[in-house]
Amino acid sequence: MMSRLAAVLALASLVLVAGCSEPPAPVSVSEGMVTVLNQTEQDWKQVLITVNDHFQGVVPTLKAEGRANAPLAQFSTGHGQRWTPGTYVKTIDVTAKAADGTDVKLTWGREEKR
């Protein structure tokens, strides 16, 4: 009886922790991949992802509540220079147009300096 109670309490605490956790960041980078999460209820069009102010990639449409995974190896500058594996990612800027015409702007790595 006591082990059953312990199991129920453990499960309840897991549910509470999962329910109270913060949502994932809308922009992240890991293992050579940039991930952008559309955490809105509107589709985004012309999603432009800019890494380190120069390297760009485009996602034509990012569905509402959708995810875009973009390999850094596919990013290039306006002069055709490709991303070099191992380069440190300092900043990521994302711009897009929401379905209602409003501008979408997300940033990563540009925390305000105090």
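The values are calculated or read from the model by the stated rules, or taken from the named source; none is laboratory data. Since the model is a prediction, treat every value here as computed from it, not as a measurement. When we count neighbours, we look across all protein chains shown, and the Cβ atoms used for this are built from the backbone with ideal geometry, even at glycine.
Sort out which residues of region 23-49 are within 14 Å of THR87 (Cα to Cα) and in a strand (DSSP E or B), and write them in order of number.
Scanning region 23-49 gives VAL29, SER30, MET33, VAL34.
Six or more apart or on different chains, Cβ under 6 Å: which pairs go from a residue in region 99-114 that's closer than 17 Å to LEU48 by Cβ and assigned to a loop (DSSP other than H, G, I, E, B) to one that's among the charged types (D, E, K, R) and modelled with pLDDT of 95 or more? Could you list them?
ALA99/ASP43; GLY109/LYS90
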